[in-house]
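> Would you mind keeping the following structure in view while I ask a few things?
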Amino acid sequence: MKLVFLGPPGAGKGTQASQMAEQFDVMHASTGDIFRAAVAEGSDLGQTVRSYLDNGKLVPDELTSRVVREMVLERTEDYILDGFPRTLPQAQMLDEMLKERGEELDGVLFFQLGEAAAVERLTGRLVCKGCGANYHKVFMPPRKDMICDECGAELTVRSDSSEEIVRKRLEEYNEKTQPLVPYYEKRGLLRRVDASPAPETVNRETKALISEMSAG
Ligand code: AP5
């Protein structure tokens with residue numbers, strides 16, 4: 001199964017992708033997570049991408065596509081790509097990479113959410129320092145204040161969660177990522193998910209769509 005999760009920052013792609021990857025036993029491949037891990041390690045990749053992430057800008061297409069090829073496509077056959085592609089050139093590069101391998105995407109799930117809700121979600125997001133699990137101060141609070149339910153480590157706020165940076169990320173999305181909706185829709189690959197209800201409701205809808213797609 002080869003899926004792409006598309007949508008604005010804060011739509012809940014990461015939350016749903018990690019649950020779906022577990023439920024369908026496929027790799028959850030998030031370019032944002034890969035870049036943040038590289039920054040935390042201080043690797044060459046991390047040093048190159050750090051200022052893009054901190055300023056809410058997209059990492060250059062060639063570099064992002066190379067990372068996806070090496071860290072995802074060459075490692076496994078089943079995956080959910082969360083946050084890639086994010087520009088038309090990236091989508092074209094993904095098509096090329098899949099073609100070289102004689103593979104095709106099974107579908108693209110587009111998580112739809114309005115801007116005000118996206119800002120509310122992103123400015124309240126909490127992330128576990130240990131296992132990376134996602135929470136929200138109001139919508140998905142941890143059982144114990146600032147402590148991860150899963151691993152007990154401390155929760156923190158992502159460096160790109162200020163309202164100013166969130167608005168820049170939304171501008172990048174509107175300008176560069178939104179055109180992927182008609183790109184995939186024309187090819188009959190796009191399925192829409194209403195990302196505005198509670199996480200459990202979005203989870204049910206997402207699971208039903210993936211089951212339908214994998215059934216044929
Ligand atoms: P990335 O990490 O991919 O950020 P993003 O797409 O902006 O996505 P987010 O993780 O912010 O949102 P999400 O939709 O995954 O929502 P989430 O589930 O976390 O990218 C970060 C940066 O890396 C980019 O800015 C760029 O610099 C670089 N980058 C990454 N990929 C790139 C690419 N392909 N090309 C170039 N550069 C790239 O949920 C958000 C919050 O809402 C959480 O607090 C969660 O608990 C809560 N929540 C989730 N679902 C619900 C719900 N249904 N109801 C209420 N709250 C909810």
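The values are calculated or read from the model by the stated rules, or taken from the named source; none is laboratory data. What you see is a predicted model, and the numbers here were worked out from it, not measured in a lab. All Cβ positions, glycine included, derive from the backbone under ideal geometry; neighbour counts span all protein chains shown. Side chains included, ligands, DNA and RNA excluded: accessible areas come from the protein's heavy atoms. Shrake-Rupley method; radii C 1.70, N 1.55, O 1.52, S 1.80 Å.
> Only one residue in 29, 38 is touching a Gly at 6+ places or on another chain (Cβ under 6 Å) and not in a loop (DSSP other than H, G, I, E, B). Which one? Walk me through it before giving the result.
Values: 29 fails: touching a Gly at 6+ places or on another chain (Cβ under 6 Å).
Of 29, 38, the one residue that is touching a Gly at 6+ places or on another chain (Cβ under 6 Å) and not in a loop (DSSP other than H, G, I, E, B) is 38.
Here's the yes/no breakdown for (1) modelled with pLDDT under 95; (2) of a type in the set (Ser, Thr, Tyr); (3) surrounded by 15 or more Cβ atoms within 10 Å (Cβ to Cβ):
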residue: 1; (1), (2), (3): yes, no, yes
residue: 8; (1), (2), (3): no, no, yes
residue: 15; (1), (2), (3): yes, yes, yes
residue: 48; (1), (2), (3): no, yes, yes
residue: 55; (1), (2), (3): yes, no, no
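> Looking at (1) within 12 Å of the ligand (Cβ to nearest atom); (2) open to solvent by 10 Å² or more (accessible area, probe 1.4 Å), can you tell me which one residue 42 breaks?
Only one criterion is unmet by residue 42, namely (1).
> When segment 179-190 is examined, which residues are found to be open to solvent by 70 Å² or more (accessible area, probe 1.4 Å) and either in a loop (DSSP other than H, G, I, E, B) or within 16 Å of the ligand (Cβ to nearest atom) (or both)? Let's see the steps before the verdict.
If we filter segment 179-190 for residues that are open to solvent by 70 Å² or more (accessible area, probe 1.4 Å), which is where we start, we get 185-187.
Of everything in segment 179-190, just one residue is open to solvent by 70 Å² or more (accessible area, probe 1.4 Å) and either in a loop (DSSP other than H, G, I, E, B) or within 16 Å of the ligand (Cβ to nearest atom) (or both), namely 187.
> Scan segment 161-178 and report the pairs whose first residue is more than 9 Å from the ligand (Cβ to nearest atom) and whose second residue is among the hydrophobic types (A, V, I, L, M, F, W, C) and assigned to a helix (DSSP H, G or I), with Cβ atoms within less than 7 Å and a gap of 6+ or a chain change.
Qualifying pairs under 7 Å: 163/119.
> May I pose another question? In this structure, is residue 24 more than 10 Å from the ligand (Cβ to nearest atom) and modelled with pLDDT of 95 or more? Give the steps one after another, and end with the answer.
On the way: more than 10 Å from the ligand (Cβ to nearest atom): yes; modelled with pLDDT of 95 or more: yes.
Yes.
> On to the next question. Does segment 57-99 hold any residues that are more than 10 Å from the ligand (Cβ to nearest atom), assigned to a helix (DSSP H, G or I), open to solvent by less than 40 Å² (accessible area, probe 1.4 Å) and more than 19 Å from residue 183 (Cα to Cα), and which are they?
Within segment 57-99, 72, 73 qualify.
> Out of all the residues in segment 197-206, is one or more within 17 Å of residue 11 (Cα to Cα), part of a loop (DSSP other than H, G, I, E, B), within 19 Å of the chain's Cα centre (by Cα) and free of Cβ contacts under 8 Å to residues at least 60 places away in the same chain?
First, pick out the residues of segment 197-206 that are within 17 Å of residue 11 (Cα to Cα): 197-206.
Then keep just the ones that are part of a loop (DSSP other than H, G, I, E, B); that gives 197-198.
Okay, now just the ones that are also within 19 Å of the chain's Cα centre (by Cα), so 197-198.
From the residues that got through so far, the ones that are free of Cβ contacts under 8 Å to residues at least 60 places away in the same chain too are 197-198.
Yes.
> Which of the residues that make up segment 100-141 are among the hydrophobic types (A, V, I, L, M, F, W, C), open to solvent by 40 Å² or more (accessible area, probe 1.4 Å) and either away from the ligand (no atom under 11 Å from the Cβ) or assigned to a loop (DSSP other than H, G, I, E, B) (or both)?
Residues of segment 100-141 that are among the hydrophobic types (A, V, I, L, M, F, W, C), as a first pass: 105, 108-111, 113, 116-119, 122, 126-128, 131, 133, 138-140.
With open to solvent by 40 Å² or more (accessible area, probe 1.4 Å) added as a condition, the list becomes 116, 131, 138-140.
Result: 116, 131, 138, 139.
> Every residue in segment 1-25 that is over 9 Å from the mean Cα position of the chain (by Cα) and hydroxyl-bearing (Ser, Thr, Tyr), please.
Residue satisfying the conditions is 18 alone.
> A further question follows. I need the full set of residues from segment 167-216 which are modelled with pLDDT under 95, among the aliphatic types (A, V, I, L, M) and in contact with a Gly (Cβ under 8 Å, 6 or more places away or on another chain), in order please.
Residue satisfying the conditions is 213 alone.
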